[in-house]
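To start, the structure itself, in structure tokens.
The values are calculated or read from the model by the stated rules, or taken from the named source; none is laboratory data. Since we're looking at a predicted model, the values are computed, not measured. FYI the Cβ positions are ideal-geometry reconstructions off the backbone, even for glycines, and counts take in every protein chain you see.
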């Protein structure tokens, strides 16, 4: 049999308050602070990107240059003045007729061009000078270097070179640019005095190859004075100095077949270490330097393959650097969990972009961007750690100020100088306290005398005590509460319905083992907020109570029927012999007293029982019923009954009509019983703030003030009640009924002036 204990419980589905938490406030502050950091860091990155003297620029260029080597163009051939040639032809300088013979040999093979990287700065024999000039004129494709820099004028070369210069196909400079570390990495394809600038010698050789493309690099506006240089490029070094080459003497001696020379771009220059024409380069040979002719070959090789390296414009370099740093700043803000991996990824992307641009012939130094990325990561971790420490300090202080449930274990104090160590120590204390509290809760839950479970919001059982495990017959933990209740025989779940925990009906039911179980469910709310974190469910075994209740009901039936029947038979027999003997009168008196005692017992038992049937009731109707029942008693004693109620009064209460009417009857009967004839018993009522107050006043002897605390106790009779029949159970029943209705009863009395009983009941519509 099922007994419903109330209405479905309220739904705990309120939304959380939108007030920001302390953590949210701190991280909102970090967001605003990060915007200001970005406004400072991005211009700083742009400034570094525009700084050519940044120390990391050259090492990064050298490293990435090694990853983008150029293959040697097969059209390039070096004719080297090496140690073997010096050994055969004698020490330098050689007669110019030797160079004329070499040019004749080369021109006979019909090469595309001859780049002669030999400077004829000293005057020689006039005949030999003319011999060399004639050879250059006959070849028609010889390119000669021109000594010109900011310290030496063009006139300083002398008139002896004029015939030679007139016969050359072109004159070009061979100047290169050394960085602050003394390493040659770049040059200008055009430089010289304003108005008479010369192209680079390798560029002239490139034009002889038949290629037609604009000169790499950016031009600059010429000035009227000073030294003009433009079209800056970086030397496109190959991985190794492996251009095909032949010895100077082997060409003179005819050991090189003409087929090996035909159509080639031939570069003639010194490679012997004693010649002094060697420069330090990033990819120099292990000896430590690279010959000038080889540098010319590398420049020409880059031009022929369209891979000349040009620095990106400053504004574009700054834009790329700030874009990558800005991307990381945004990613750190929205994906802080992967801060390290995002930083490493952005650094790798920076190097990859620089390498890709280098392969396309553009140099962009990633140094400034890498510094900006690294600073972003370091500043982010520093500020984030500061926010975390601030929050930990605030939260731990709050936790420490809360009342202590359990005494804490003493630990060694942390160092006051290190903030992080102090926070770790406080966190250790808090974690220890949490563990102790959980153990306390688990132990306390285990010792509870009723089956108790704790679940998460979805109904998964987290904790269950021993009684609960015995009731359900399993371990419960990690199981679903609704399924467990269905298996136990919870009636609302019989048809496969699985409502939310908040919608469960609190019902007393008999389980599959015929136990009477009463279920109670309550949400577990957080310290801040009203969204349930879980649920607390208890099942109380009422089997013994229900058995006792059944026995009590059996006893009440016995008292009200079986015991009353013989008493009524005795009274019937006495009525037959009415007045026959004084003994019969005494017997009748005692029998009636026994019946009254039985009735009082029955009424008190009903008042203390659980079987109340509450329903909305007009209070005026109950009063009228009680007045009708006591009217005869009042009339016989000459008591005048007065009330201020109207039958149309709309004051409603939730009441068990029979029991509440009986309670009013008992109070009115007592007032009539203890009042002298000719007096008035008055009933008045009023309502205020959701309560109905009923006052019953008499003009009896009153009750002593020292007796008032024991007025509602069982079997208590006071001196003021002497001479009146009573058992001391009527007011006890009244108090039990009123309290079961959620009300209260008090008595005000003065000896010799009567008593006033005040009943207060909650209004149904209050």
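Matching residues to (1) outside the structural domain of residue 661 (by TED's automatic domain parsing); (2) more than 60 Å from the chain's Cα centre (by Cα); (3) closer than 16 Å to residue 758 by Cβ; (4) modelled with pLDDT of 60 or more:
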site: 696; (1), (2), (3), (4): no, yes, yes, yes
site: 706; (1), (2), (3), (4): no, yes, no, yes
site: 713; (1), (2), (3), (4): no, yes, no, yes
site: 725; (1), (2), (3), (4): no, yes, no, no
site: 729; (1), (2), (3), (4): no, yes, no, yes
site: 740; (1), (2), (3), (4): no, no, no, yes
* Of 168, 202, which residue is farther than 15 Å from residue 290 by Cβ, touching a residue at least 24 places away in the same chain (Cβ under 8 Å) and touching a helix residue (DSSP H, G or I) at 6+ places or on another chain (Cβ under 6 Å)? -> 168
* **Answer residue from the range 112-143, given it is in contact (Cβ under 8 Å) with a residue 40 or more places away in the chain and either outside the structural domain of residue 174 (by TED's automatic domain parsing) or surrounded by 22 or more Cβ atoms within 10 Å (Cβ to Cβ) (or both) and is nearest to residue 294 (Cα to Cα) among those** => 117
* Asked: Does residue 658 satisfy the condition of being more than 60 Å from the chain's Cα centre (by Cα) and crowded, with 16+ Cβ neighbours inside 10 Å?
  -> no
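Every residue in the range 661-693 that is within 21 Å of residue 734 (Cα to Cα) and under 60 Å from the mean Cα position of the chain (by Cα), please.
First, the residues of the range 661-693 that are within 21 Å of residue 734 (Cα to Cα): 661-675, 681-687, 691-693.
Scanning the range 661-693 gives 686, 687, 691, 692, 693.
Quick one: is residue 502 within 31 Å of the chain's Cα centre (by Cα) and surrounded by 14 or more Cβ atoms within 10 Å (Cβ to Cβ)? I'd like the intermediate steps shown before the answer.
Numbers: within 31 Å of the chain's Cα centre (by Cα): yes; surrounded by 14 or more Cβ atoms within 10 Å (Cβ to Cβ): yes.
Against the criterion (within 31 Å of the chain's Cα centre (by Cα) and surrounded by 14 or more Cβ atoms within 10 Å (Cβ to Cβ)), residue 502 qualifies.
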* Structure fact -> Flagged pairs (Cβ under 8 angstrom, 6 or more apart or on separate chains; first in the range 69-91, farther than 30 Å from residue 307 by Cβ; second in a loop (DSSP other than H, G, I, E, B) and at pLDDT below 90) are 83/272; 85/272; 86/92; 86/272
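Name the one entry in 398, 435, 411 that is at pLDDT below 65 and loosely packed, with under 13 Cβ neighbours inside 10 Å.
On the way: 398 fails: at pLDDT below 65; 435 fails: at pLDDT below 65.
Just a single option satisfies the conditions, and that option is 411.
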* To do: Could you check how many residues of the range 188-213 are more than 24 Å from residue 111 (Cα to Cα), in a loop (DSSP other than H, G, I, E, B) and within 60 Å of the chain's Cα centre (by Cα)?
  => 0
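Looking only at the range 123-146, count how many residues are over 20 Å from residue 210 (Cα atoms) and touching a strand residue (DSSP E or B) at 6+ places or on another chain (Cβ under 7 Å).
Residues of the range 123-146 over 20 Å from residue 210 (Cα atoms): 123-138, 145-146.
Filter once more, keeping what is touching a strand residue (DSSP E or B) at 6+ places or on another chain (Cβ under 7 Å): 136, 145-146.
Result for the range 123-146: 3.
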* **In the range 320-336, the residues that are under 15 Å from residue 378 (Cα atoms) and over 25 Å from the mean Cα position of the chain (by Cα)** => none
* Does residue 453 count as under 26 Å from residue 395 (Cβ atoms) and part of a strand (DSSP E or B)? -> no
* Asked: Scanning for something assigned to a helix (DSSP H, G or I), under 13 Å from residue 634 (Cα atoms), at pLDDT below 90 and in contact with a strand residue (DSSP E or B) (Cβ under 8 Å, 6 or more places away or on another chain), does the range 672-691 turn up at least one residue?
  -> yes
* So which of 445, 427, 462 is part of a strand (DSSP E or B) and surrounded by 13 or more Cβ atoms within 10 Å (Cβ to Cβ)? -> 462
* Single residue of the range 259-274 satisfying the filter (within 22 Å of residue 304 (Cβ to Cβ) and outside any loop (DSSP other than H, G, I, E, B)) that is farthest from the chain's Cα centre (by Cα) -> 259
* Asked: In the range 343-386, how many residues are crowded, with 20+ Cβ neighbours inside 10 Å and out of contact with any strand residue (DSSP E or B) (no Cβ under 9 Å at 6 or more places or on another chain)?
  -> 12
* Asked: When residues of the range 358-401 are filtered for being assigned to a strand (DSSP E or B) and touching a helix residue (DSSP H, G or I) at 6+ places or on another chain (Cβ under 7 Å), how many remain?
  -> 1
